[in-house]
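Here the structure is laid out as structure tokens; the discussion comes afterwards.
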Amino acid sequence: MIALEFAIVLAAIFIGARLGGIAIGFAGGLGVLALALLGVTPGDMPFDVISIIMSVIAAIAAMQMAGGMDYLVNLAEKVLRSNPKYLTFLAPLVTYLMTVMAGTGHTAFSTMPVITEVAKENNIRPSRPLSIAVIASQMAITASPISAAVVFFAALLESEGTGVSYIDLLAIAIPATFIACMSTAAIMMAVDKVRGTSELSTHPEFQRRLAAGEIEMKGSQTRELPKGAKLSVLIFVLGLVAVMSYATAISENVGLISDPVMGRDQAIISIMLSVAALIVMLCKVPTASILGASTFKSGMSASICVLGVAWLGTTFVSNHEELIMETAGDMLSDYPWTLAIILFFAAALLYSQAATTRALMPTAFAIGVSPVAAIAAFPAVSALFVLPTYPTLLAAVEIDDTGTTRIGKAIFNHPFLVPGVINIAIAVALGFVFGALRGL
């Protein structure tokens, strides 16, 4: 029976991936229904994770409509154009920082056109900085103080009595993922140099499109900012600081607030919604416009996707937890790093850092995985690049009009896979190192 149930899970994920977009969540719900018809009890619905995503997205969408995203993109363009020779480092640096601050990788959409134009202007193959920038935006989710994956994992660490706080998690995740992103950029630049593929002019497809007049050089684009643009960013940043401060204060290891009125989830949701309210009031943003914001649409789509796939994954795992513990317990006990491999392949199917964390991390602790192993393996939940169907990945392919960022005929033949695998491998290794340095 378990084989049939697993086949249903895979079939639902495959259908969702084929349909794309929000349909991934729809297919997850279809999978839960199919399992229920076989007598499988549905698992807990991930409303905690979804609520955090929705509230953060609401604040980001309000900031976008106030002109805050354009202001950040203007800053990003200045950084990228300041030293184009190092675009392969600067591009992931920008997308990483924006994702850490915003808690969603969808902010990368706004910087991709700039990365592409700077690359074309400086005879750099756009696929390299674009691919690493996309990977960095995914990796940064596991280092963002307000991402649903980090918040859920931090709460789980404390509820399991591991002695690891929210700040401990960030103190390991941020340097591990950031150094991994920069190291991956260095490795891929070295590979391109050895292979002689760094320069855009060496690529036949670019030469063909250039000769056909299919490539347009747009140059620098100045974005006019509304009066409240900078203020909206300031309000959002203050909200981020408030979230981190409160989450730290109520941590058992810090203990500044021993009997908090609100839990961490409630605090993040209320603060982010308050940030949205302040931006709307002080920056005079029409509330109707927020519903049409690109970040709002992509964020709400992501919420439905997490609802479907996380619920599907939790349903399967919770109903076979004992078997999973018996099968994987000894292996994870003897080789704790293998948790990263499990999370890697699960994330490739579940399509979400939060969904993967929600579905598998509680079982990992039930099996007896140590806190340091779980934290070190955490970046592996960012393996959303394996199948070339994730929105930011597809956007990078579409935006690069030079034709160097392409998905081959084979499913896994795309420029995001190798940098992504290298990035996660380095981040996991560094996670063990930094965890040991912190005495975990």
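Listing M139, M182 from fewest to most neighbouring C-beta atoms within 10 Å gives M182, M139.
Rounded to a whole number, what is D in µm²/s for the chain from Stokes-Einstein with the Kirkwood radius over alpha-carbon pairs (10 °C, 1.306 mPa s)?
On the way: Rh = 22.3 Å.
The Stokes-Einstein estimate is 71 µm²/s.
Would you mind classifying the stretch 37-77 by shape? Square roots of the alpha carbon gyration tensor eigenvalues, ordered a ≥ b ≥ c; an a/c under 1.5 is rounded, otherwise it is prolate if a/b is larger than b/c and oblate if not. Prolate, because a/c is 1.5 or more and a/b exceeds b/c. Rounded if a/c is under 1.5, else prolate if a/b is larger than b/c, else oblate: which is the stretch 131-235, with a ≥ b ≥ c the root eigenvalues of its Cα gyration tensor? Oblate, because a/c is 1.5 or more while a/b does not exceed b/c. If only the Cβ of Lys and Arg carry +1 and only the Cβ of Asp and Glu carry -1, the dipole of the chain around its Cα centre is close to 1480 debye. When the listed pairs K85/K230; K78/K230; K230/K284 are checked against a 18 Å cut-off, the alpha-carbon distance exceeds it for K85/K230. Candidates L72, A154, M139 compared by Cα position along the dipole of the stretch 30-168: farthest toward the positive end lies L72, with charges placed on Cβ. Starting from the Cα of K227, step 7 Å toward the Cβ, then list every residue of the stretch 279-305 with an amide N under 15 Å from that point. Taking a point 7 Å out along Cα→Cβ of K227, the residues of the stretch 279-305 whose backbone N falls under 15 Å are 280-286. Note on C181, C283: ascending count of other Cβ atoms within 10 Å places them as C283, C181, the fewest first.
Look at where the Cα atoms of the stretch 258-281 and of the stretch 372-440 average out, and the two centres are 31 Å apart.
If neighbour count is taken as other Cβ atoms inside 10 Å, put S137, S251, S274, S298 in order from fewest to most.
Lowest to highest Cβ neighbour count: S274, S251, S298, S137.
The length gained by stretching the chain between F412 and L282 to full extension, at 0.36 nm per residue less their Cα-Cα distance, is 42.1 nm.
Taking square-rooted eigenvalues a ≥ b ≥ c of the alpha carbon gyration tensor, is the stretch 293-399 rounded, prolate or oblate, where a/c under 1.5 means rounded and, failing that, a/b exceeding b/c means prolate? Don't skip to the end; give the middle numbers.
Working: a/c = 2.62, a/b = 1.85, b/c = 1.42.
Judged from the Cα gyration tensor, the stretch 293-399 comes out prolate (a/c at least 1.5, a/b above b/c).
All of the numbers you see were taken from the coordinates with simple rules; none came from a lab. Note that the coordinates shown come from a computational prediction; the quantities given were computed from them, not determined experimentally. We place every Cβ from the backbone using ideal geometry, glycine too, and count neighbours over all the protein chains shown.
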